[in-house]
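Visitor: Attaching a single structure in structure tokens format; questions to follow.
The values are calculated or read from the model by the stated rules, or taken from the named source; none is laboratory data. Note that the coordinates shown come from a computational prediction; the quantities given were computed from them, not determined experimentally. Counting neighbours? That spans all protein chains shown, and the Cβs are built from the backbone with ideal geometry, glycine included. To get the accessible areas, we keep the full protein, side chains included, count just its heavy atoms, and leave off ligands, DNA and RNA. Shrake-Rupley method; radii C 1.70, N 1.55, O 1.52, S 1.80 Å.
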Amino acid sequence: SNLMNLPTCELHTLGEIADLVTSVRLSRIRKQKLALALKNEGYIPKLLQLFQVCESVKNTKGLHLLFDIVRGILYLDKAILFEVMFSDECILGVVGCLEYDPCLAQPGWHREFLTKTAKLQEVIPIRDPELRQKIRQTSRAQYIQAIIMPNVSDFEEGFLSTLNSFISSSKEKILHELQKDEEFLPEVFAQLTNEATAGEQRCELMKFFKEFCAFSFMLPEKRDEFLQTLAKLGFLPTLEMLMGMDDLQVRSAARDILSYLVEFSPATVQEFVMQEARQSENDTQLIVEVIEQITCSPDPEFGGDNQLTEILRVLIDPEKMLATASNLEIFEFLDIFYDRYIHILTAPLLADTSEEWYEIVYFDSTLFNFFVQLKALIFLVENYQTAEILASVLELLSFCVERHKYHMKIYIVKNDLLRRTLVLMKSNHKFLALCALRFMRRIIGLKDELYNHYITLGNLFEPVVNAVLDNRNRCNLLKSASMELFEFIRKEDIQFLIAHIFENFSDALESVKYIHTFQGLKTKYEQEKDRQNEKLN
């Protein structure tokens with residue numbers, strides 16, 4: 001009930017003020033009383049006047065004390081003080097005090113940055129002066145939070161919770177006001193889609209819109225309303241167009257926005273993709289754009305390849321589609337996906353086996369294997385970027401093996417996809433060889449009879465056996481993954497594959513018979529032969 005008595009705000013009492021501000025930090029009640037006293041007595045502007053005096057006469061001791069005082073006031077973590085400290089009248093004085101950290105050899109340059117470097121650019125003019133002021137105030141608060149006071153200790157970590165809430169609350173108010181403005185978002189979309197918009201202006205618009213979406217999606221209570229607003233503006237067709245632009249920064253921002261949308265509202269994007277698939281047969285569709293950006297040269301500086309892979313996983317995941325679609329609609333979509341889109345995804349893999357000679361030698365496995373090996377030798381010179389693309393493609397195809405069992409099985413067998421994939425086990429990039437092996441492991445893990453017949457008829461264990469023999473004296477991931485594959489077959493007692501392995505590779509595996517897994521496989525094979533003989537007898 002009683003306010004705290006404050007020392008007179010003069011140069012000779014700065015030490016006393018600093019001690020007072022420091023002493024209240026562990027008492028919630030005393031912090032509240034001090035904050036009210038500072039607000040009611042207009043104390044902060046008085047301190048900033050003393051700062052000007054100290055700086056003009058180069059009073060280093062006074063400047064260091066003012067740094068401790070202003071930082072201590074920030075650590076009081078009271079919103080009533082933030083409104084004062086981040087106002088136009090006080091903000092430069094506050095960051096000026098924070099420049100004189102006693103731990104630094106030279107003062108900081110925060111005021112110069114805020115006044116000369118950090119210019120708030122209005123990509124779309126904001127007509128409300130109060131909103132413009134709120135945006136400025138929030139940006140300054142973020143600057144203090146992120147740049148001036150980022151390295152708080154564990155002891156101090158909880159002292160800035162109200163500052164975080166102050167910034168979040170301010171952002172929420174800004175978003176609310178911008179969404180209330182019926183002309184603002186339509187103007188953003190109009191400029192983004194206008195061919196006459198300059199490249200730099202479009203890039204700034206995308207940076208703004210990305211931040212706008214990122215924070216809007218973080219507010220669960222406002223998310224549905226925001227999505228409805230975007231839907232009315234034709235958000236997804238616009239995003240599809242922006243993802244296809246040549247400007248890497250625009251494309252990267254569009255990709256980030258799509259990633260937010262897939263994370264927080266996957267059903268919205270899935271429904272749009274399914275509608276496009278049913279209504280259109282052209283190649284200018286969102287899912288086509290995503291696949292093409294995965295399979296074309298990635299943008300390493302933006303790290304977009306993994307991001308796009310995750311987006312595509314969500315878009316083609318039947319389990320996630322169940323939220324908005326029936327089983328029949330999902331099956332229909334997968335029919336369309338395997339009819340129109342899967343060939344775009346597998347193009348980099350299939351490109352390494354020319355269709356012309358493939359058709360000629362298809363029924364001659366010896367000749368076919370010769371050409372496969374020839375292709376493998378050529379592939380040894382592939383660059384790292386190509387290898388990364390192929391690894392991403394294989395991860396997605398492995399995902400399809402699990403989630404699209406019926407459609408993917410038909411596609412693999414029809415296109416002899418596994419044989420072509422196993423060419424990559426000769427790659428110099430071991431991570432790519434592992435991806436190829438993992439693809440085969442995913443197929444065998446289904447224990448499907450059609451797959452097993454396909455593998456044995458094509459003699460597709462040969463590359464895996466060769467990998468084991470090539471790495472017999474090494475300890476590496478490729479050898480371990482190969483052994484795990486054989487161990488799985490042994491444990492699951494897949495007799496059809498066990499018989500094929502020993503009837504075709506027993507001589508080759510003689511040199512590694514000391515390995516427990518192959519001993520176990522041999523035992524299983526012999527036991528089954530004995531059982532078969534007993535039945536015959």
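Visitor: Looking for whichever is modelled with pLDDT under 85 and of a type outside the set (G, A, S) here; the options are E157, E200, E195. Which one fits?
Guide: One residue alone meets the criteria, E157.
Visitor: Right, here's the next one. Among the candidates L469, L457, L437, L509, single out the residue that is free of Cβ contacts under 8 Å to residues at least 60 places away in the same chain, open to solvent by 80 Å² or more (accessible area, probe 1.4 Å) and among the aliphatic types (A, V, I, L, M).
Guide: On the way: L469 fails: open to solvent by 80 Å² or more (accessible area, probe 1.4 Å); L437 fails: open to solvent by 80 Å² or more (accessible area, probe 1.4 Å); L509 fails: open to solvent by 80 Å² or more (accessible area, probe 1.4 Å).
Of the residues listed, the single one that is free of Cβ contacts under 8 Å to residues at least 60 places away in the same chain, open to solvent by 80 Å² or more (accessible area, probe 1.4 Å) and among the aliphatic types (A, V, I, L, M) is L457.
Visitor: Follow-up. Which residue, of I44, I126, is open to solvent by less than 40 Å² (accessible area, probe 1.4 Å) and either within 30 Å of L185 (Cβ to Cβ) or under 39 Å from the mean Cα position of the chain (by Cα) (or both)? Spell out the reasoning first.
Guide: On the way: I44 fails: either within 30 Å of L185 (Cβ to Cβ) or under 39 Å from the mean Cα position of the chain (by Cα) (or both).
Every option except I126 fails the conditions.
Visitor: L76 fails exactly one of the following numbered conditions: (1) open to solvent by 70 Å² or more (accessible area, probe 1.4 Å); (2) at pLDDT below 90. What is the number of that condition?
Guide: Against the list (1) open to solvent by 70 Å² or more (accessible area, probe 1.4 Å); (2) at pLDDT below 90, L76 comes up short only on (1).
Visitor: Search the range 335-356 for residues that are open to solvent by less than 30 Å² (accessible area, probe 1.4 Å) and pair each with any residue that is at pLDDT below 80 when their beta-carbon atoms are under 9 Å apart and the residues are at least 6 apart or on different chains.
Guide: Listed pairs, sorted by first residue: I344/D283; T353/F371; T353/V372; T353/K375.
Visitor: Does the range 90-104 hold any residues that are in contact with a helix residue (DSSP H, G or I) (Cβ under 7 Å, 6 or more places away or on another chain) and not in a helix (DSSP H, G or I), and which are they?
Guide: Residues satisfying the conditions are C90, L98, E99, Y100, D101, P102.
Visitor: Going residue by residue through the range 492-502, is there one that turns out to be on the phi > 0 side of the Ramachandran plot, out of contact with any strand residue (DSSP E or B) (no Cβ under 6 Å at 6 or more places or on another chain) and open to solvent by 50 Å² or more (accessible area, probe 1.4 Å)?
Guide: Within the range 492-502 (the criterion being on the phi > 0 side of the Ramachandran plot, out of contact with any strand residue (DSSP E or B) (no Cβ under 6 Å at 6 or more places or on another chain) and open to solvent by 50 Å² or more (accessible area, probe 1.4 Å)), the answer is yes, since at least one residue qualifies.
Visitor: Also: Filter the range 473-516 down to residues that are closer than 26 Å to D448 by Cβ, of a type in the set (V, I, T) and assigned to a helix (DSSP H, G or I), then give me how many there are.
Guide: The number of residues fulfilling the criteria is 3.
Visitor: Step by step: first the residues of the range 186-203, then only those that are open to solvent by less than 60 Å² (accessible area, probe 1.4 Å) and within 26 Å of the chain's Cα centre (by Cα), then the one that is farthest from M241 (Cα to Cα). Which residue is that?
Guide: Going through the qualifying residues, I end up with Q201.
Visitor: Right, here's the next one. Which residue is farthest from P45 (Cα to Cα), if the candidates are limited to the range 61-77 and must be assigned to a helix (DSSP H, G or I) and of a type outside the set (A, V, I, L, M)?
Guide: The selected residue is K61.
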